[in-house]
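K.L.:
This structure is in structure tokens; I'll ask about it shortly.
The values are calculated or read from the model by the stated rules, or taken from the named source; none is laboratory data. All of these numbers come straight from a predicted model, not from anything done at the bench. Don't worry about glycine lacking a Cβ; one is built from the backbone with ideal geometry, like all the others, and counts go over all protein chains shown. Each accessible area value is taken on the protein alone, full model and side chains, heavy atoms only, with ligands, DNA and RNA left out. Shrake-Rupley method; radii C 1.70, N 1.55, O 1.52, S 1.80 Å.
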Amino acid sequence: MRSMTVDPVKCTRCGICLKACPAGIVKFGETGLPEMDVRGSANCIECCHCALFCPESANSLSFLNNEEMEKASGIKMPSAEEAMNFIKTRRSIRRFKKETLSREIFDQIFDAVKLAPTASNRQPVRWVVSEDPEKTKEITNLILCWMREEIFKDPTSRISLIGASMIAKAKTGEDALLRGAPHVAVALVSKDHMWPEDASIALTYMELAAHALGVGACWGGFLTAAIRNFEGLRDYLGISPDEHVCGAQMLGYPLLRPARQYPTRKKLNISWIK
């Protein structure tokens, strides 16, 4: 059972932990100290906000290792301009070096990815990652197999026309599907999970974490479509019929880097509700 312990010396009874709890299960008890309602503890989503927002670090949780938390004031943050520039300088990378990412780099990326927000903090995303570039090439070949099947079914369909072009390029040694990326990462959730966008958010965190580490990323649209429609690729990746494929990223070190930034974009279509 989840529980909260409060240090009576540190606690100032400010009530911030009550306000920070999204489930509303932290209350002032008979001792005058905050406590987790025993009857409501099953509704705790383990967001840790009651501990994270406590200005005196007085709260401890049964499922939280206090050693893992850091003082917010001690974390170096970029300025608003630096943060906005970082976001706006993300580019989709479509040409990669053959150099592979180390497990250490993957660990740093996923250390950020695991903090992506999810509905009710369920953290439902499962990842399938190709660490060996040869496995990534096999994935490319299986995408081509799917495209050949689609051509056989209906050679005039849009995916068949695209597939014919991709197959022709592959014969010349060009990988126009995964762009020569040494790695791919596929995000999955259970089909009964109500909010598959949780994985899309996590994929975006992955893209930005990669950008922070000098790693290139690009959304794998053809890979996603192939996994969703080709059983052979699902089997190769170990994806069960009960899992929904939310998206994928190609990953690797960029072969090319932009010399200028901020390309033209369409004007946003915004309806302001006043």
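K.L.:
Answer with yes or no whether Cys17 is in contact (Cβ under 8 Å) with a residue 40 or more places away in the chain and open to solvent by less than 40 Å² (accessible area, probe 1.4 Å).
P.N.:
yes
K.L.:
Further question: Is it the case, given these coordinates, that Ile93 is of a type in the set (Val, Ile, Thr), over 30 Å from Glu46 (Cβ atoms) and over 20 Å from the mean Cα position of the chain (by Cα)?
P.N.:
no
K.L.:
Name every residue in the stretch 23-58 that is open to solvent by 90 Å² or more (accessible area, probe 1.4 Å) and closer than 19 Å to Arg122 by Cβ, in order of residue number.
P.N.:
Asn43, Leu52
K.L.:
Please tell me if Trp195 is touching a residue at least 40 places away in the same chain (Cβ under 8 Å), open to solvent by 20 Å² or more (accessible area, probe 1.4 Å) and hydrophobic (A, V, I, L, M, F, W, C).
P.N.:
In short, yes.
K.L.:
Still on this structure: Looking at the structure I just gave you, is Thr204 touching a residue at least 24 places away in the same chain (Cβ under 8 Å), open to solvent by 50 Å² or more (accessible area, probe 1.4 Å) and part of a helix (DSSP H, G or I)?
P.N.:
yes
K.L.:
Moving on. Select from the stretch 227-266 the residues that are of a type in the set (Gly, Ala, Ser) and assigned to a helix (DSSP H, G or I) and list them in ascending order.
P.N.:
Passing the criteria: only Gly232.
K.L.:
Would you mind telling me which numbered condition in (1) within 18 Å of the chain's Cα centre (by Cα); (2) outside any loop (DSSP other than H, G, I, E, B) His193 fails?
P.N.:
(2)
K.L.:
Tell me which residues, restricted to the stretch 69-95, are open to solvent by 90 Å² or more (accessible area, probe 1.4 Å) and either among the aliphatic types (A, V, I, L, M) or free of Cβ contacts under 8 Å to residues at least 24 places away in the same chain (or both).
P.N.:
Glu70, Lys71, Ser73, Lys76, Met77, Glu81, Glu82, Met84, Ile87
K.L.:
Within the stretch 168-192, can you find the residues that are loosely packed, with under 15 Cβ neighbours inside 10 Å and under 30 Å from Phe152 (Cβ atoms)?
P.N.:
Ala168, Lys169, Lys171, Thr172, Gly173, Glu174, Lys191
K.L.:
Could you list, in sequence order, all residues of the stretch 222-258 that are open to solvent by 50 Å² or more (accessible area, probe 1.4 Å) and closer than 21 Å to Gly180 by Cβ?
P.N.:
Hits for the stretch 222-258 are Phe222, Tyr236, Leu255, Leu256, Arg257, Pro258.
K.L.:
Of the conditions (1) buried (at least 18 other Cβ atoms within 10 Å of the Cβ); (2) within 24 Å of Arg95 (Cβ to Cβ), Glu150 clears all except one; give me its number.
P.N.:
(2)
K.L.:
Identify all residues within the stretch 98-130 that are farther than 21 Å from Cys246 by Cβ and surrounded by 15 or more Cβ atoms within 10 Å (Cβ to Cβ); write none if there are none.
P.N.:
Thr100, Leu101, Ile105, Gln108
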